[in-house]
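A short reminder: the numbers here are calculations on the coordinates, not readings from a lab. Note that the structure is a prediction, hence the values are computed from the model and not measured. Here the Cβ positions follow ideal geometry from the backbone for every residue, glycine too, while neighbour counts run over all protein chains shown.
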């Protein structure tokens, strides 16, 4: 009775209660925000519009198309769609009126949105840290503050590649194996015991498992180190014969990502497809959401639902910053992970290039899910 009474009282106060009764999400009437910067309203609108289209056209994807399993039933899909539509409405009205973007105005955002504060699931983070063989990762997971999520950053790797195999470029990004061409994801799942995609680990494919019998078509060739980077990031931006080409993950070998081990040890392997731009979440390649740097978050879509408008706030070398983005991407690291978001920053050659542009960004930030009032 006491627990039920507490729940009823919290519902009366409009508090959001996750399924596990951990108070990870709650309305915050007067959030303290910083200067709204480091994102473009035009690109936020593009990702919002692409995400709204996914919600409206892919209702069969119950993994991602839902109001949010870890928040509560006050959020509906229609409300999420209206929130995304309002982003573009506001951006376009401001452009037509030739005025400064109201998406960068704290008072405007507080007037039109409810802010649902997200506090991290530190218990799960600590369990993962205890199993991790990476000391740095374990330390960062153990140091997640009570009031802030773990804010990581990801980028698309700028790489060189070759249209043919060479001594230097000796690893391929493979298209879906030939025995799966033309099969839908559902059809492939029904036949998985007989399909090439599910037969090999990453290490076996690197060793040449697909080569001799030509089981899959190589899309482009790159170095082994570059291959591990692209498999980790999910997208490769490759300069091939002087031309920039984009490659995105398509389907994997069915092995779960292991958060506790490094990228080279991961048995999970992805097959790729060439795309015209950077793509985020999608149940299959034809439905993936086109995304943009600085306004896209990857996260736990299974629990939060795709298309959530999210604000993060943190202090950098110029002061307190708040910024908006859309949850439109995911990754294996976010399975059962409600303590982390991954911000898509840009495309870079490597760590030094990335760090010179993003070294000022912190590891933790306050976070809110925004919903149109």
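Observations on the structure shown:
- Contact order relative to length of segment 157-287, as percent, for alpha carbon pairs under 8 angstrom and 6 or more apart: 33 percent
- Order of 249, 273, 306 under a 10 Å beta carbon neighbour criterion, fewest first: 273, 249, 306
- Listed from fewest to most Cβ neighbours within 10 Å, the set 250, 194, 82 follows the order 194, 82, 250.
- Overall form of segment 157-287 per C-alpha gyration tensor (a/c, 1.5; a/b vs b/c): rounded
- Relative exposure of 45, 88, judged by other C-beta atoms within 10 Å (fewest first): 88, 45
- Seen against the Cα atoms of the chain and their longest principal axis, helix 2-12 is set at about 80 degrees.
- Using C-alpha pairs below 8 Å separated by at least 6 residues, the relative contact order for the chain is 26 percent.
- Shape of segment 220-312, Cα gyration tensor, a/c cut at 1.5: oblate
- Counting only alpha carbon atoms, the long axis of helix 77-97 and the longest principal axis of the chain meet at about 90°.
- Rounded tilt (10° steps) of 122-131 against the dominant C-alpha axis of the chain: 30 degrees
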